[in-house]
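*Asks:* Pasting a structure here, questions to come.
Computed from the coordinates by the stated procedures, all read-outs in this text should not be read as laboratory data. Source: prediction; values computed, not measured. With ideal geometry, Cβ positions are generated from the backbone for all residues, glycine too; neighbour counts draw on all protein chains shown.
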Amino acid sequence: LRMESAYPQVLFYDRQRRNGGYHRILQISGQGVLPHVGSSIFKNTNLMNTEEKLGAMLRERGWTLGTAESCTGGRIASRITSVAGSSDYFVGGIVSYSNAVKHNLLGVLLSDLEHEGAVSQPVVEEMAIGARRVLGCHCTVATSGIAGPGGGTAEKPVGTVWIAAACGDRLVSRCFHFPFDRVGNVEAASEEAMKMLMEMLP
């Protein structure tokens, strides 16, 4: 049993070395870790409760939240709605996987999609702003990236994710480079998106 990464990821290897390294036989990421290793081995830490902390902060302020997700494919919304009572502050999410949905529904400029690419700062910021307009909420988070295993380039390798958070009149965005597999990259991006929004809340 070997732990890799801050985002819960457990990898199981067999006992015999093959081709200079251990043979990976099973990989589990995120909250999927718990059913396999048990609470006696892997405790549910504060990292696993980000969605609960965010929900408590939103409820305390009486603010609502919406999401616009591309590479995370609804994972942020799923984690948020896993918390009982999340309907008090979560209004909905948009999985804008295609450029057409980004443009037609969220109002992302075609010129930015064409010249900057879907995985870029202007696009993810426009996604966050567009989601707030469409969903009519106080705050939004948006993601656009390359989860892998394919799709990466020299300029934008696999694991590149742009995240934007909008709250009130504030808008922040940040680029991350995650080193995990597809599931791990999605989980990491979801975690960082919620943390970005928490940092913004007054």
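*Asks:* Any idea which of (1) surrounded by fewer than 21 Cβ atoms within 10 Å (Cβ to Cβ); (2) assigned to a helix (DSSP H, G or I) is the one A128 doesn't satisfy?
*Replies:* (1)
*Asks:* Let me ask something additional. Please work out if V119 is touching a residue at least 12 places away in the same chain (Cβ under 8 Å), in a helix (DSSP H, G or I) and crowded, with 16+ Cβ neighbours inside 10 Å. Walk me through how you get there before you give the answer.
*Replies:* Values: touching a residue at least 12 places away in the same chain (Cβ under 8 Å): yes; in a helix (DSSP H, G or I): no; crowded, with 16+ Cβ neighbours inside 10 Å: yes.
So V119 fails the test.
Per-residue answers, yes or no, for (1) more than 14 Å from the chain's Cα centre (by Cα); (2) among the small types (G, A, S); (3) not in a helix (DSSP H, G or I):
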{"site": "V123", "(1), (2), (3)": "yes, no, no"}
{"site": "V134", "(1), (2), (3)": "yes, no, no"}
{"site": "T140", "(1), (2), (3)": "no, no, yes"}
{"site": "T153", "(1), (2), (3)": "yes, no, yes"}
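*Asks:* Within the stretch 164-202, count every residue that is among the hydroxyl-bearing types (S, T, Y) and either surrounded by fewer than 20 Cβ atoms within 10 Å (Cβ to Cβ) or within 19 Å of G130 (Cβ to Cβ) (or both). Lay out the reasoning, then the answer.
*Replies:* Of all residues in the stretch 164-202, those among the hydroxyl-bearing types (S, T, Y) come to 173, 190.
Remaining after also requiring either surrounded by fewer than 20 Cβ atoms within 10 Å (Cβ to Cβ) or within 19 Å of G130 (Cβ to Cβ) (or both): 173.
Of the residues in that region, 1 qualify.
*Asks:* Within the stretch 51-108, work out how many residues are touching a Cys at 6+ places or on another chain (Cβ under 7 Å), in a strand (DSSP E or B) and surrounded by fewer than 23 Cβ atoms within 10 Å (Cβ to Cβ).
*Replies:* Start the filter on the stretch 51-108 by keeping residues that are touching a Cys at 6+ places or on another chain (Cβ under 7 Å), which leaves 63-66, 91.
Subset that is in a strand (DSSP E or B): 65-66, 91.
Cutting the leftovers down to surrounded by fewer than 23 Cβ atoms within 10 Å (Cβ to Cβ) gives us 91.
So the count comes out to 1.
*Asks:* Still on this model: So how many residues does the stretch 136-165 have that are closer than 11 Å to L197 by Cβ and touching a His at 6+ places or on another chain (Cβ under 9 Å)?
*Replies:* Initial filter on the stretch 136-165 (closer than 11 Å to L197 by Cβ): 138-142, 163-165.
Retained after the next criterion (residues that are touching a His at 6+ places or on another chain (Cβ under 9 Å)): none.
Total satisfying the criteria: 0.
*Asks:* How many residues are aromatic (F, W, Y) and either free of Cβ contacts under 8 Å to residues at least 60 places away in the same chain or in contact with a Cys (Cβ under 9 Å, 6 or more places away or on another chain) (or both) when one looks only at the stretch 179-201? Outline the logic, then answer.
*Replies:* Going residue by residue through the stretch 179-201, those that are aromatic (F, W, Y) are 180.
Now restrict to residues that are either free of Cβ contacts under 8 Å to residues at least 60 places away in the same chain or in contact with a Cys (Cβ under 9 Å, 6 or more places away or on another chain) (or both): none.
Counting residues in the stretch 179-201 that are aromatic (F, W, Y) and either free of Cβ contacts under 8 Å to residues at least 60 places away in the same chain or in contact with a Cys (Cβ under 9 Å, 6 or more places away or on another chain) (or both) gives 0.
*Asks:* Of all residues in the stretch 162-178, count the ones that are in contact with an Asp or Glu (Cβ under 9 Å, 6 or more places away or on another chain) and not polar (S, T, N, Q). Reasoning before the result, please.
*Replies:* Within the stretch 162-178, the first condition is being in contact with an Asp or Glu (Cβ under 9 Å, 6 or more places away or on another chain), and the residues that meet it are 162-166, 171-174, 176, 178.
Now restrict to residues that are not polar (S, T, N, Q): 162-166, 171-172, 174, 176, 178.
The total comes to 10.
*Asks:* Among all residue pairs at least 6 apart or on different chains, which show Cβ distances below 8 Å where the first residue, located in the stretch 142-164, is among the aromatic types (F, W, Y) and the second is in a strand (DSSP E or B)?
*Replies:* Hits for this filter: W162/T143; W162/S144; W162/G145; W162/S173; W162/R174; W162/C175; W162/F176.
*Asks:* Give all pairs with beta carbons closer than 8 Å in which a residue from the stretch 55-76 that is at positive phi meets a residue that is outside any loop (DSSP other than H, G, I, E, B) and surrounded by fewer than 24 Cβ atoms within 10 Å (Cβ to Cβ); count only pairs at least 6 apart in sequence or on separate chains.
*Replies:* Between residues of the stretch 55-76 that are at positive phi and residues that are outside any loop (DSSP other than H, G, I, E, B) and surrounded by fewer than 24 Cβ atoms within 10 Å (Cβ to Cβ), the close pairs are G73/V95; G74/G93; G74/V95.
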